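Read-outs: derived from the displayed coordinates by stated rules, not from any lab. Keep in mind that what you see is a predicted model, and the values were worked out from it rather than measured. Note that we place each Cβ from the backbone using ideal geometry, even for glycine, and neighbour counts take in every protein chain shown.
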């Protein structure tokens, strides 16, 4: 897991249809990976899922590397190019992602994002983000919706989810991880994981081992 991307190396499992903020790239380590993307079944050595695009993994136990990447940082076409070049070479992917040029952001959006990435278990109202970015709440909302197609609240939720998963993969139980990331309880965290990834957190996270890349 890096600061603005994550690589999961393992086998796919069947998921329910879902959509999430991150861009996703599926890279088959053997043969082809299969997924339903925007209602269409697709097969390929590399499949791309754009931010907020509904999709579902259809084939279980397919050896795959999955890349989740921050849309604020990466252009989807650049991710496709890197994944096609590197293929299922995990270490080469890591080095390429470290060196991949990040998107240039509006400075006001950059300040807001920096604050969101520092979140803890406290509330983070849009008013605080707007004040730190030196703009109005309406301007902040327009920046987020125009650049990302989602609200400030949804991006805050994504960052809380990322923080909770990092803690859970570091050895904390789901209750502690949920509380530390600002979720009301472990059930709230589990519902968020199911909506964002189409999986059950209590069954899936225990099979993963964390490696921090940054």
Tilt relative to the chain, helix 186-197 - C-alpha long axis, 0 to 90 degrees, to 10 | 60
What percentage of all Cα-Cα pairs in the stretch 79-183 are separated by more than 16 Å?
-> 65
How far is it, in nm, from the label point at residue 131 to the one at residue 40 when both lie 7 Å from their Cα along the line to the Cβ?
-> 4.8
Would you mind telling me the antiparallel percentage of the DSSP bridges in the chain, rounded to 5?
-> 100
Which of 18, 55 comes first, and how do the rest follow, when ranked by fewest Cβ neighbours within 10 Å?
-> 18, 55
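Report the relative contact order of the chain, percent, no decimals, based on alpha-carbon pairs under 8 angstrom and at least 6 residues apart.
Values: 345 pairs, mean separation 44.5, N = 214.
RCO, the chain: 21 percent.
Could you tell me what fraction of 2.2 N^0.38 Å the Cα radius of gyration of the chain comes to, as a two-decimal ratio?
On the way: Rg = 17.1 Å, N = 214, 2.2 N^0.38 = 16.9 Å.
The reported ratio for this selection is 1.01.
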Using the alpha-carbon atoms, what tilt in degrees (0 to 90, nearest 10) does helix 90-99 show relative to the longest principal axis of the chain?
-> 30
Using r as the Cβ-Cβ distance of residue 81 and residue 114, and R0 as 35 Å, what FRET efficiency do you calculate, to the nearest 0.05?
-> 0.80
Packing-ranked peptide list from 10-17, 42-49, highest mean Cβ count within 10 angstrom first, is 42-49, 10-17
Any chance you could tell me what percent of the C-alpha pair distances in the stretch 5-99 go past 15 Å?
-> 56
Going by alpha carbons, how many degrees (0 to 90, nearest 10) lie between the helix axis of 107-116 and the longest principal axis of the chain?
-> 80
